[in-house]
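The values are calculated or read from the model by the stated rules, or taken from the named source; none is laboratory data. The model shown is predicted, which means the values in this text are computed figures rather than measured ones. Here Cβ is always computed from backbone atoms with ideal geometry, including for glycine, and neighbour counts include all displayed protein chains.
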């Protein structure tokens, strides 16, 4: 039996997927873990917050009960290209760490799809810079850390991401409301935006896209996990497609 880790940032990214899974104690604040078996695969899903440090905590928690054979990095991303739209699904084959320039090629592809990982939530100007500098299609805060950890352990990794906001989305700066543990300070954030109606429409679209995106990934994964082999990871990265989906 293979052990597959599913790493996300926030509980909302995993909630539809892990419905009915067994919840496991972690002994760590803001670190959540669930497990289930699909076919010959034992799956463990973990989230610990936004950013590289949180992704590292999640990965460590995933392998706490035994060595991992593969890892999926799933969840929400922002679009970097003008044609990107909320709800668009991506399996990137290249992950770039924007802080260090480190580049992880998960598979060769005729038309590369690049996911850029940053240390903070990127605004419109930075999104456009990341697209121009790296040829990036989407941006997140965790995938480069997950890719590096998987590489260090010699196991395959695949990223399955869904966009929640377009390049020009008129969103408030989220960074002041993310604490050192990678958690959103929701009370402060809500108080901030309640008196700034210019953000309400974009935040409403973001919320709807995030919820729909999590449902979309959850709908794809169970059947895939039941038949996924370690050799399939390279094929997913090479084609960017989930077979029969």
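For the condition surrounded by 19 or more Cβ atoms within 10 Å (Cβ to Cβ) and farther than 26 Å from residue 218 by Cα, residue 144 does not qualify.
When only residues in region 74-91 that are touching a helix residue (DSSP H, G or I) at 6+ places or on another chain (Cβ under 8 Å) and farther than 22 Å from residue 174 by Cα count, which is surrounded by the most Cβ atoms within 10 Å (Cβ to Cβ)? Please lay out each step first, then the result.
First, the residues of region 74-91 that are touching a helix residue (DSSP H, G or I) at 6+ places or on another chain (Cβ under 8 Å): 74-76, 78-81, 86-87, 89, 91.
So of that shortlist, the ones also farther than 22 Å from residue 174 by Cα come out as 89, 91.
Details: 89: 16, 91: 20.
Restricting to residues being touching a helix residue (DSSP H, G or I) at 6+ places or on another chain (Cβ under 8 Å) and farther than 22 Å from residue 174 by Cα, the top hit is 91.
Just checking, how many residues over region 175-191 are assigned to a loop (DSSP other than H, G, I, E, B) and buried (at least 17 other Cβ atoms within 10 Å of the Cβ)? Don't jump to the end; show me each part of the working.
In the first step, residues of region 175-191 are kept if they are assigned to a loop (DSSP other than H, G, I, E, B); the result is 179-183, 185.
Next, only the ones that are buried (at least 17 other Cβ atoms within 10 Å of the Cβ) stay: 182-183.
Qualifying residue count for the region: 2.
When each of 225, 241 is tested for being in a helix (DSSP H, G or I) and under 30 Å from residue 156 (Cβ atoms), the lone residue that passes is 225.
Which residues, counting only those in region 148-166, are outside any strand (DSSP E or B) and either modelled with pLDDT of 95 or more or surrounded by fewer than 18 Cβ atoms within 10 Å (Cβ to Cβ) (or both)? Give the derivation first.
Initially, region 148-166 is screened for residues outside any strand (DSSP E or B), giving 148-156, 166.
Those that are outside any strand (DSSP E or B) and either modelled with pLDDT of 95 or more or surrounded by fewer than 18 Cβ atoms within 10 Å (Cβ to Cβ) (or both): 148, 149, 150, 151, 152, 153, 154, 155, 156.
Just one of (1) farther than 23 Å from residue 209 by Cα; (2) part of a loop (DSSP other than H, G, I, E, B) fails for residue 87. It is (1). Of everything listed in (1) modelled with pLDDT of 95 or more; (2) assigned to a loop (DSSP other than H, G, I, E, B); (3) surrounded by 13 or more Cβ atoms within 10 Å (Cβ to Cβ), the single unmet condition for residue 169 is (1). Considering each residue of region 212-219 in turn, at least one proves to be touching a residue at least 24 places away in the same chain (Cβ under 8 Å), under 15 Å from residue 4 (Cβ atoms) and part of a helix (DSSP H, G or I).
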